[in-house]
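Take a look at the structure set out below.
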Amino acid sequence: MSQELMKKLEAKFVSKKVPDVKAGQTVEVETIIRDGEKQRIQKFKGLVIRVKGSGTSKTFTVRKVSYGVGVEKTFPLYSTNLGKIKILKEEPVRRAKLYFMRDRVGKAATRIKKGKATFVPEEGEAMEVTEADVVTDAEVVEEPKAE
């Protein structure tokens, strides 16, 4: 195909109204599932951990934890099988790819906190650590060893 024809086809699909999906957003994606003559809408709600590509080949990956198992789906942004994309919540993030969310378990798998680290002691109670609690190298003093 010629370059001009490809650009015309791409412009047709890119003109489709889709929201600006970014990493860190919680979205609900409606996918149209076709079984023969029947069709239904399937919803997938989760955190956008990646946006990849450009133009008509742009895709985004959504992650959710279902019954303790992490599930990720990659959707083409300009697909005809994609219904609505609702942006439910937007968290401020400092990375474009949120692959570190794969290691999170429980509530931590659904939350992105900015500015605070969370430490979970052995008893199971969460404790917030602020910048004042962090010990720098200058403050560390070695204790004398007991003989």
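The values are calculated or read from the model by the stated rules, or taken from the named source; none is laboratory data. Keep in mind that this is a model prediction, so the values were computed, not measured. Neighbour counts are summed over all protein chains in view; Cβ atoms, including those assigned to glycine, are modelled from backbone coordinates with ideal geometry.
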Quiz item: Which residue out of Gly115, Gly68 is modelled with pLDDT of 75 or more and at positive phi?
Solution: Gly68
Quiz prompt | Any hit, the range 120-138, residues being charged (D, E, K, R) and either modelled with pLDDT of 85 or more or assigned to a strand (DSSP E or B) (or both) | solution = yes
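Conditions tested, residue by residue: (1) surrounded by 15 or more Cβ atoms within 10 Å (Cβ to Cβ); (2) within 24 Å of Ile112 (Cβ to Cβ); (3) within 19 Å of the chain's Cα centre (by Cα).
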position: Lys12; (1), (2), (3): no, no, no
position: Lys43; (1), (2), (3): no, yes, yes
position: Leu47; (1), (2), (3): yes, yes, yes
position: Thr56; (1), (2), (3): yes, no, no
position: Glu90; (1), (2), (3): no, yes, yes
position: Val93; (1), (2), (3): yes, yes, yes
Quiz item: Do we find a residue being surrounded by 13 or more Cβ atoms within 10 Å (Cβ to Cβ), assigned to a loop (DSSP other than H, G, I, E, B) and touching a Phe, Trp or Tyr at 6+ places or on another chain (Cβ under 9 Å) anywhere in the range 23-34?
Solution: yes
Quiz item: Restricting the first residue to the range 91-114 and requiring it to be closer than 9 Å to Gly24 by Cα, which pairs with a second residue that is acidic (Asp, Glu) and at pLDDT below 90 meet a Cβ separation below 9 Å and a spacing of at least six or different chains?
Solution: Ile112/Glu91
Exercise. Report yes if some residue within the range 78-101 is modelled with pLDDT of 55 or more, in contact with a Phe, Trp or Tyr (Cβ under 7 Å, 6 or more places away or on another chain), within 24 Å of Ser54 (Cα to Cα) and of a type in the set (Ser, Thr, Tyr); otherwise report no.
Key: yes
Quiz item: If you check every pair at least six apart or on different chains, which have Cβ atoms under 9 Å apart with a residue in the range 47-62 that is part of a loop (DSSP other than H, G, I, E, B) first and a residue that is modelled with pLDDT of 90 or more and of a type in the set (Ser, Thr, Tyr) second?
Solution: Gly53/Thr59
Quiz item: How many residues are more than 21 Å from the chain's Cα centre (by Cα), among the basic types (Lys, Arg) and over 14 Å from Lys84 (Cβ atoms) if we restrict to the range 14-39?
Solution: 2
Quiz item: Which numbered condition trips up Thr74, out of (1) under 12 Å from the mean Cα position of the chain (by Cα); (2) surrounded by 14 or more Cβ atoms within 10 Å (Cβ to Cβ)?
Solution: (2)
Quiz item: Here are some conditions: (1) surrounded by 14 or more Cβ atoms within 10 Å (Cβ to Cβ); (2) free of Cβ contacts under 8 Å to residues at least 12 places away in the same chain; (3) more than 26 Å from Glu10 (Cβ to Cβ); (4) among the small types (Gly, Ala, Ser). Ser66 meets all but one. Which one does it not meet?
Solution: (1)
Practice problem: Scan the range 52-65 for residues that are at pLDDT 90 or above and small (Gly, Ala, Ser) and report the count. | Solution: 1
